[in-house]
Amino acid sequence: MARVSATPRREGWVTLRNGRSLAFAEWGDLSGRPVVLFHGAPGSRLLCPDEDATVSAGVRLVTIDRPGCGRSAPDPDLSVLTFADDYAELHGLLGLPPCPIVGWSGGGPYALACAVRTPALVSSVGLAASMAPAEEFGEGWEDDRRIADLLRIDRAAGVAAIAARYAGLADDPASAFADWDDPQDPDVRLLALPDVNEALVQMVREGVRQGLVGVVADDAATYGPWGVSAADVTQDVAVWLGSENRICRSDAEYLAATIPRATYVVFPGEGHLVPLPRWAEMLAWLH
């Protein structure tokens, strides 16, 4: 079983040119080849899907708090593209070479934006249970479509709807998983493992340490226009989906069909938490 961890080997932050700070954490082999993981929503830098697999692969895993999440300063103008610019600065300040990036769930849009905006910094891309761009992709959950429509018509109303969705999360981070209750769901079985549950709740708790400012801005950015198209990605991209993932199956199919150099991989018997049991295979694919 994966050794999921919310305790990094090293942490720090960088100060961007505009004065905002971005917090990051590092895991695995700190002298190894870098791989960057963008967390889901709600989430934070405090999660390594499998620390043993990371070490075994000789990987230095870097995770980043997006603005307003964890210890990163909020960005009142956050968009998918502004974060790509933040990432380019952080990449340089950490002295990283061109390296693979992985976007998990709500982190997928940011990974794609970085790949398009700063292609020289990104050698390959992994999309694990990623959402697709709402402005291109007409399907998805009814509530998600409603919020995307609201943001387009009345941004304030859309932001209020996102905040309502997360009501109570800051006081009870475990509520992020409250409706994960189907005993046949592989994600529910993973959450029943104490170490996994503790790590995931800690990831969310850290994500809302500043309240809801980060998670609301994060959703508003990803449900609104991204400013880039999935069709513009030029790197090799792995689109990973668990066969039992009921959250974003259509998104994954769309991304695999739209990204020019995409490889579509469905992991049998896995759910939305697919990086946890399949992290070693994911790291082996990245280059």
> Residues of segment 103-129 being part of a helix (DSSP H, G or I), small (Gly, Ala, Ser) and surrounded by fewer than 24 Cβ atoms within 10 Å (Cβ to Cβ), which ones?
Replying inline: ALA120
> Among the residues of segment 35-48, is any more than 23 Å from VAL216 (Cβ to Cβ), at pLDDT 95 or above, more than 19 Å from the chain's Cα centre (by Cα) and not in a loop (DSSP other than H, G, I, E, B)?
Replying inline: no
>> Give me the residue from segment 140-166 that is surrounded by fewer than 18 Cβ atoms within 10 Å (Cβ to Cβ) and under 27 Å from GLU253 (Cα atoms) and, out of that set, modelled with the lowest pLDDT.
In response: TRP141
>> Taking the criterion of being within 25 Å of GLY224 (Cα to Cα) and in contact (Cβ under 8 Å) with a residue 60 or more places away in the chain, would at least one residue in segment 178-193 satisfy it?
In response: no
>> Looking only at segment 271-280, how many residues end up being more than 13 Å from the chain's Cα centre (by Cα) and either touching a residue at least 60 places away in the same chain (Cβ under 8 Å) or closer than 18 Å to ASP29 by Cβ (or both)?
In response: 5
>> Go through segment 249-263 and report how many residues are closer than 28 Å to MET203 by Cα, in contact (Cβ under 8 Å) with a residue 24 or more places away in the chain and surrounded by fewer than 23 Cβ atoms within 10 Å (Cβ to Cβ).
In response: 1
>> Given the criteria within 25 Å of PHE177 (Cβ to Cβ) and outside any strand (DSSP E or B), does TYR87 qualify?
In response: no
> Pairs, please: C-beta under 6 Å, at least 6 apart or cross-chain, first residue under 10 Å from ALA220 (Cβ atoms) and touching a residue at least 12 places away in the same chain (Cβ under 8 Å) and in segment 142-163, second among the acidic types (Asp, Glu) and in a helix (DSSP H, G or I)?
Replying inline: ILE162/ASP219
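The values are calculated or read from the model by the stated rules, or taken from the named source; none is laboratory data. These figures come from a predicted structure and were not determined experimentally. Virtual Cβ from ideal backbone geometry, glycine too; neighbours counted across all protein chains shown.
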